[in-house]
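Let me begin by presenting the structure, written as structure tokens, before commenting on it.
The values are calculated or read from the model by the stated rules, or taken from the named source; none is laboratory data. Just so you know, these numbers come straight off a predicted model, no measurement behind them. With ideal geometry, Cβ positions are generated from the backbone for all residues, glycine too; neighbour counts draw on all protein chains shown.
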Amino acid sequence: MTHTHPGGTIKDACLDELGLNVTDGAKVLGVTRNTLSRIVNGHSGISADMAIRLEKAGWSNADMWLRLQAAYDLAQARLHEDEIHVERYELA
């Protein structure tokens, strides 16, 4: 399953759906334009603080945003999991 960055969901389902640009969306959320732009463009993740802001704006709930971000982060890590070398720990 391919996981897309949740910033794209913010752009499509929140900003575009409501006719808002990034500047207007940032004002609604009480963040800088740069902060929202970095998320929407996939350069930054959705923090717990941002998830709460999205929820308070009426754009779904914080848990959903954090689950989307966690799923994306795990999918990205899985792309390189063969580079992670850890041996299973067994109790003696």
Looking only at the range 41-92, count how many residues are in contact with a Pro (Cβ under 9 Å, 6 or more places away or on another chain) and among the polar types (S, T, N, Q). 1
Can you tell me which residues in the range 42-76 are hydroxyl-bearing (Ser, Thr, Tyr) and either over 18 Å from residue 22 (Cβ atoms) or without any contact (Cβ under 8 Å) to a residue 24 or more places away in the chain (or both)? 47, 60, 72
Within the range 1-15, can you find the residues that are surrounded by 15 or more Cβ atoms within 10 Å (Cβ to Cβ) and at pLDDT below 95? 3
